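Here is the structure we will look at, set down as structure tokens.
The values are calculated or read from the model by the stated rules, or taken from the named source; none is laboratory data. Worth saying up front: this structure is predicted, and the values here are computed from it rather than measured. Ideal geometry is used to build each Cβ from the backbone, glycine not excepted, and the neighbour counts take in all protein chains shown. The protein model used for the area step is the full one, side chains on, heavy atoms only, and it has no ligands, DNA or RNA in it. Shrake-Rupley method; radii C 1.70, N 1.55, O 1.52, S 1.80 Å.
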Amino acid sequence: MAKILITEDEDSLRSFVARALRLDGHETEEAADGAEGLEKLKEGGYDLLLSDIRMPVMDGIELAHQAHSTCPGMKILLMTGYAEQRERADDLMEKIVDVVAKPFALPDIRKAVARALAA
């Protein structure tokens with residue numbers, strides 16, 4: 001299965017998603033903000049970055065730009081609960097697979113991850 005980095009500043013949501021993806025057989029690592037996520041990405045080996053857009057320190061948009069430069073073959077899937085944040089991601093569409101709207105049910109995020117990995 002895939003090695004996935006989950007970057008989300010809301011602890012409970014981050015662990016909830018990580019647990020669900022581990023049940024699907026994926027290996028997950030977690031970061032609480034974009035800067036921490038970028039440090040982990042530099043270690044390499046990830047198949048997918050699953051990141052919130054709105055976070056402190058470094059937001060998901062900046063993280064996606066940096067991740068695309070650092071790990072060009074890695075898939076990137078963003079999450080947001082804010083419509084205006086989704087619009088900000090439009091300039092990334094050639095670098096990311098999709099933007100998942102929050103709140104989501106577990107089957108939704110699991111399907112989005114499966115689609116992103118298959119893309």
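Worth pointing out:
- Spatially near lysine pairs across the chain, Cα under 17 Å, sequence gap of 8 or more or different chains: 9
- The chain, accessible surface, carbon-and-sulfur percent (1.4 angstrom probe): 50 percent
- Using a Förster distance of 25 Å, the FRET efficiency for residue 69-residue 1 (Cβ separation, nearest 0.05): 0.45
- Rg/Rh for the chain (Cα atoms only, Rh after Kirkwood) is 0.91.
- With both labels modelled 7 Å from their Cα along Cα-to-Cβ, the residue 43 to residue 24 distance reads 2.2 nm.
- Label zone at residue 11 (point 7 Å along Cα-to-Cβ), backbone N below 18 Å, region 21-58: 29-34, 36-37, 55-57
- Of all DSSP beta bridges in the chain, antiparallel share, percent nearest 5: 0 percent
- Cα-Cα pairs of region 1-63 separated by more than 14 Å (percent): 48 percent
- 222 nm mean residue ellipticity, helices alone, for the chain (DSSP H n ≥ 4; -39,500 (n - 2.57); rounded to 500): -13500 deg cm²/dmol
- Average accessible area per residue (Å²) across the chain - probe 1.4 Å, nucleic acids and ligands excluded: 48 Å²
- With all protein chains modelled, accessible area of residue 108 [1.4 Å, Å²]: 80 Å²
- Percentage relative contact order, the chain, counting C-alpha pairs under 8 Å, at least six apart: 24 percent
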